[in-house]
Structures are given as C-alpha cells and as structure tokens.
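The values are calculated or read from the model by the stated rules, or taken from the named source; none is laboratory data. Note that the structure is a prediction, hence the values are computed from the model and not measured. Using ideal geometry, Cβ is built from the backbone for each residue, glycine included, and neighbour counts are taken over all protein chains shown. We work out accessible area using only protein heavy atoms, side chains counted, and drop any ligands, DNA or RNA first. Shrake-Rupley method; radii C 1.70, N 1.55, O 1.52, S 1.80 Å.
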Amino acid sequence: MTRSLVLTADDAGTEPDADREIAALLAGSPLTAVGVITTEPGDGVEDWVEDWAEAEAEAGGERDDGPHRDGADRPASQSQSQNQSESESPGAVRAVGLVARSAPDVAPGVHVVLPTPGPAGGFDDVVDRIATQFDALTRATAAVGAPPPRRLDSHQGTLYGLQGRSYLGEAIGFCARHGLAFRLPRSLDLYGDGDPVLATADIRARHASAVVAADAAGVRLPEVIATHRGGDAEARDYESLRDHYLRLLGRLPEGTSEIFLHPAPDTARLREASATWWRKRTWELRLLGDPVFIREIEREGIDLVSGW
C-alpha cells in the first residue's frame, strides 16, 4: 500500500483574492482539492453565471490558467470586468467559476457552515441546512460545467460535535444518500495531537461509532486529517509553520490522508477579517509554492491525489 495525500485549500468562497490564488494553485502547485463555503446559498446564482459568461465572451473566451495578482497579464477591460463580477458575485459561484477556468477537472467539496453558537438543543433542521448548501454548490458547478461536489466536510468542526451537539449521524446519512466522501478521519492521530477534548473517552467512543457507521453506509473516509490548528501566535513565523507541515508529511500513514490549509494573499480585507490569523494564512499560501515543501513530498514518496 502507498501513502497518498489530498492537499486541500479550505474556505474558498469567502474572500475574492484568496479564491483567485486558490484557483491558480490548483493549476500549478501541489494543491489538489478545495472546500467551498456557500455563504449565500442559492442567491443570485443564475444571474451571476450570466454575468461571468458575458465577461468571458467580451474577453474573447480566454481561460485564466495562472495567478493574476494585479491583472497585468490581461487586457484592462477583461481584468476590470472579471474582477467586478468576482467581487459582486455570491462567494461560492465566484470560487467555482475561478476553479473551473484554472483547474476544470477539480470537483469542489461542500464546506458546511452552521451558525455558532447554535441553539441550546442544536439544529433540528441540520439535514436541510446541509442540503441547502450542497444544492447551492451543485447548481454552481453545473452552471459553469465543473464536476459536481464529491465530498462533504465541516467548517470549524460543527458537524462533529466539537462545539456542542454532534451531527455525525445526519452527515453520514446525507453522504450515503448522495454518494459523497466525508472528512471524518479513521484515526484521530495528527489532528488530535495535544488536544485534551479529542482525548476524552466520550469523543473517542463517538468517533469510533461514526467510523463504523460510515463503513456500513459505504461512505469513504480519509485515514487521517491534519492542519495547523492555531493562529499567528501559535504559528510564530514562516519557518516554524513550514517545519510543522514538513513533520506532518513524515507522519502520514499508509492509505489516503488529507492536509488542509487556508491560503490567502496579504490584503487589507484579510487583515481586517482575520486579525489574529492573517499572517498564518499568507504563510500557508507561501508554503504551497515553497520548493522545500514540494521536494519533501517527493522525498517521502507521497502520491498527490484529489480524493479518498
């Protein structure tokens, strides 16, 4: 058995500049997957797709196959038209449109968001909430000719019960009905390093039961998942963050695992929205183009894949 890795950029659909970088990374870096947040599920999807198509037609239908941080490589009218459409579009559709142009074979994942804090008893309509976000992303991919979503995961772990009620049963059932893979690791190693919550008997038992249920339902799971779970203070500096990810590569088990990051360029909007996280996000963007990181993947003999 070999070691395979899905390298994912999470939170696409929330930041236009990050979406453009993620799309470019999928075309020219080790990045292989993307999780999309449908922050405005269903609103304006069809209208925005028409605007996107018109902007493409006016620009001669050229595809955007690389990063354009300042639009210098495109005609001014094309850059202005597309940037305006991207900024004004629903986030998920913007992200999917960008990915479809740069990496047309990539199927985005549904990065499910639940409001936090939730009600005391949890969300009784959680299946409807998952379905609404899945349907919105499915419509967005269909509109631009991209592959439909093939996996489900959870923003901030809200489906897993890390912040209250667990929705693992509902999520696994939804994945089974729709043929989706699910970001639930078979082992809590790596992601659970040093986390006292994930070490409790209750969480361990809940996790083990969910893995059994997923296997019985035929829902595909990764062996392990990993990321850097802290913010700027915990990451400290770029070299420390890179060392963390290099160590993770060496600890990946046999089978298919996932490392997920939140890459983004340094912008005023990012600094305002992620006051204690923005540096780490820019470092994760830098990491994906770092020859040291890329060589380590090769040295470890890890196969990069798009799904588990």
Return a yes/no flag: does region 233-246 have any residue that is over 16 Å from Phe182 (Cα atoms), of a type in the set (S, T, N, Q) and buried (at least 17 other Cβ atoms within 10 Å of the Cβ).
no
Of all residues in region 267-299, how many are surrounded by 14 or more Cβ atoms within 10 Å (Cβ to Cβ), of a type outside the set (S, T, N, Q) and outside any helix (DSSP H, G or I)?
4
Kindly establish whether Ala176 is open to solvent by less than 10 Å² (accessible area, probe 1.4 Å), among the hydrophobic types (A, V, I, L, M, F, W, C) and in a helix (DSSP H, G or I).
no
Could you tell me whether any residue of region 236-254 is under 25 Å from Val126 (Cα atoms), part of a helix (DSSP H, G or I), over 20 Å from the mean Cα position of the chain (by Cα) and not β-branched (Val, Ile, Thr)?
no
Flag if Ala140 is under 20 Å from Val99 (Cα atoms) and not in a loop (DSSP other than H, G, I, E, B):
yes
Just a yes or no: is a residue in region 214-225 surrounded by fewer than 13 Cβ atoms within 10 Å (Cβ to Cβ), in contact (Cβ under 8 Å) with a residue 60 or more places away in the chain and either out of contact with any Leu (no Cβ under 9 Å at 6 or more places or on another chain) or within 25 Å of Tyr167 (Cβ to Cβ) (or both)?
no
